[in-house]
Amino acid sequence: MKNYKAFETDRLYIKPTTEEDAEFIFQLLNSPKWLKYIGNRNVNNISDAKTYIKEKILPQLYQLGFSNYTVIRKEDNVKIGSCGLYNRDGLEGIDIGFAFLAEYEKKGYAFEATNALKHTAFSTFNLKEISAITTKNNINSQNLLVKLGFKLTGTTTLPNDDEVLLLFKISNN
């Protein structure tokens, strides 16, 4: 595999998700908050997670040079969450997203990782604008997006889903 952009912060390593992360992706995609706010991706075992990575994550990485990133805590090399830049069907431009296991929430990791990814998106990937979507009841994600500098610009829906989502955007100024 080509050497794709990985980066780090004071406390975190942020690296492109690969099949080596299948066990963690299985755990994350089946966590209660993922299922509640993002939805069931039918990843029912580690084999499904490998397929999900091969079919949903890696093709965009190969095409655009960015995709989903696994977030690893430096102090113990534990995988704690993910963040990413996505070319999502039904959404104009590139979308940023994040999800962390519950035991690693409220510790600043999501802000730290996603803020680093936002800066990388603008400085390395030369994006001019980034979107973000979240459900109306996911207040924690909304607050994080505002803290990251995103502005609520309206609502949207994605193809094959009638749930109205809040749409946030930030420009590279």
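Loop-located trypsin sites (Lys or Arg not before Pro) across the stretch 17-84 with a Cβ neighbour count of 12 or fewer within 10 Å are LYS74, with loop assigned by DSSP. Computed over neighbours whose Cβ is under 12 Å from that of LEU152, the net charge equals +3, Lys and Arg +1, Asp and Glu -1. Counted by neighbouring Cβ atoms within 10 Å, the residues THR155, THR51 run from fewest to most as THR155, THR51.
Taking every full run of DSSP H in the chain, the ones that stretch at least 20 Å from end to end by Cα along their long axis and average -0.5 or higher on the Kyte-Doolittle scale are 109-123.
Across the options GLY84, ILE25, ILE57, the greatest Cα extent toward the positive end of the charge dipole of the stretch 7-171 (unit charges at beta carbon of Lys, Arg, Asp, Glu) belongs to GLY84. Here the Gaussian network model covers the chain, with springs between Cα atoms less than 10 Å apart; of ILE94, ILE72, ILE139, ILE139 fluctuates the most.
Taking GluC sites (Glu not before Pro) as exposed when DSSP calls them loop (any state but H, G, I, E, B) and at most 13 other Cβ atoms lie within 10 Å, what is the longest stretch of the chain free of them, the sites themselves excluded?
Here the longest run is 1-74.
Taking a Cβ cut-off of under 14 Å around GLU20, the surrounding Lys, Arg, Asp and Glu residues balance to a net charge of +1, with basic ones at +1 and acidic ones at -1.
Built from the Cα atoms of the stretch 117-159, the convex hull projects on average onto 3.7 nm², one quarter of its surface area. Straight-line reach from LYS50: taking Cα to Cα under 27 Å and skipping same-chain neighbours fewer than 8 places apart, the lysines in range are LYS2, LYS5, LYS15, LYS33, LYS36, LYS74, LYS79, LYS118. Its Kirkwood hydrodynamic radius, worked out from the mean inverse distance over all distinct Cα pairs, puts the stretch 7-171 at 16.0 Å. If you take all other residues with their beta carbon under 12 Å from the beta carbon of GLU55, and give Lys and Arg +1 and Asp and Glu -1, the sum is +2.
Readers should treat all values here as calculations from the given coordinates under stated rules, not as data from a laboratory. Only a predicted model underlies this, so the values are computations on that prediction, with no experimental measurement involved. Backbone-built Cβ (ideal geometry, glycine too); neighbour counts: all protein chains shown.
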